[in-house]
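I have placed the structure first, in the form of structure tokens, so that the comments after it can refer back to it.
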Amino acid sequence: MPGKENASVRGILSGAAGDTRKRPLMWLLLSASALPLVFLFYFLVPGAPARWYILLLLLGYGVCFCVQFLFWCMAVFLYRRDGGDGSRGYGKAYSRMISRSRPALLPGLVMGVVAVFAFMAAQMLVSLLLSFLLSGGVSAGSLFLLTLVHFYLSYLVADLVLVLLVLSPQMICLEGGAKVEEVFRASYQLVKDRYRDAVALFIVPELVVRTLFLGASFAIYYVPGPGLIFALLLVSMSLLEGGKTAFVAAAFNRFYYRIVEEEGKKKGKGGRREPVREARGAKPSGGRGASGAAKSGKPSGPRGSGPRAGKPRKK
């Protein structure tokens, strides 16, 4: 029912906001990991020579995104139900992230390349669409409004694609996925049946961050000195990107646990499909189990059977 779905999304959003407020250091760590990405994408690439543009944009963005992706995985560990509080929780999350760093590197690199491709395609699509609206001539006010629409839509259209991979950190950290194809397939399978809820959870922080960034850009415009403007833009954009990633990690942890609980309820009723196990390639019941899934090249998840409600694998 739509009302029930909306209530569930609101509950996840409010819960994720509480999770990120309780652990502000994770926000700062993610902001620091986003610094190379922000510097490259917003400051280095736009002024790069034409012969280096594509190389910097694709390879550079993928590598820089991979750094942030690793700390995104750390946030997934920190925001899990047994993540703990205080410095001990951060230490455990960091050590678990290090233990999963090798299987996370390639998915992070590929996801970074996919992200920049999606953004470039979204920009071209939105520009083409708006060009038809501008063909008849518009006023200065309408042009400014269309510029804002282009700014928002370029990110939001890309998010419609990226949301299908947003559970990749959970598949690596909580399900034990180790290969790019199995991690992406599992995320896609879980998100596609709950696409409306996942898009809402992914786009809400995007809208907030882009609006805050616009406000900061207008305010920083009046700051004297180009060096100070550059420093303020770099820091503010990194803080916004880090906050968005922290919120997304917390929100989709809760989204993942909701899926696990749904699976447990359906399994209790008997004969109904189990989305997490299906996404990992295991049969709903009495099938090959984790070892058969591993042989087929699909996510094997925790040792033994699929995840139990509210009990992901512990490292």
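Checking the stated criteria, Gly18 turns out not to satisfy the condition of being within 17 Å of the chain's Cα centre (by Cα), among the small types (Gly, Ala, Ser) and modelled with pLDDT of 90 or more.
Report yes if some residue within the range 218-228 is of a type in the set (Gly, Ala, Ser) and touching a residue at least 12 places away in the same chain (Cβ under 8 Å); otherwise report no. Scanning the range 218-228, I find no residue that is of a type in the set (Gly, Ala, Ser) and touching a residue at least 12 places away in the same chain (Cβ under 8 Å), so the answer is no. Just to be sure, is Glu182 in a loop (DSSP other than H, G, I, E, B), at pLDDT 90 or above and either surrounded by 17 or more Cβ atoms within 10 Å (Cβ to Cβ) or not β-branched (Val, Ile, Thr) (or both)? No; evaluated as a whole, the condition is false for this residue. Exactly one residue out of Phe65, Phe43 is among the hydrophobic types (A, V, I, L, M, F, W, C), open to solvent by 50 Å² or more (accessible area, probe 1.4 Å), more than 20 Å from Tyr256 (Cα to Cα) and part of a helix (DSSP H, G or I): that is Phe43. For the range 204-242, a tally of residues being under 19 Å from Leu30 (Cα atoms) and open to solvent by less than 50 Å² (accessible area, probe 1.4 Å) returns 14. Only a single criterion out of (1) among the hydroxyl-bearing types (Ser, Thr, Tyr); (2) within 18 Å of Asp159 (Cα to Cα); (3) open to solvent by 20 Å² or more (accessible area, probe 1.4 Å) is not satisfied by Thr245, namely (3). Pairing each residue of the range 47-60 that is without any contact (Cβ under 8 Å) to a residue 60 or more places away in the chain and over 15 Å from Ala115 (Cα atoms) with any residue that is among the β-branched types (Val, Ile, Thr) and in a helix (DSSP H, G or I), provided the two are 6+ apart or on different chains, yields C-beta distances under 8 Å for Tyr53/Val45. Being touching a residue at least 60 places away in the same chain (Cβ under 8 Å), more than 20 Å from Leu156 (Cβ to Cβ) and out of contact with any His (no Cβ under 9 Å at 6 or more places or on another chain) is a property that Ser31 has. Counted as qualifying within the range 215-315 are the helices (runs of 4 or more DSSP H) with 3 or more residues that are of a type outside the set (Ser, Thr, Tyr), more than 26 Å from Pro103 (Cα to Cα) and at pLDDT 80 or above, namely 226-269.
The values are calculated or read from the model by the stated rules, or taken from the named source; none is laboratory data. Only a predicted model underlies this, so the values are computations on that prediction, with no experimental measurement involved. Here Cβ is always computed from backbone atoms with ideal geometry, including for glycine, and neighbour counts include all displayed protein chains. The protein model used for the area step is the full one, side chains on, heavy atoms only, and it has no ligands, DNA or RNA in it. Shrake-Rupley method; radii C 1.70, N 1.55, O 1.52, S 1.80 Å.
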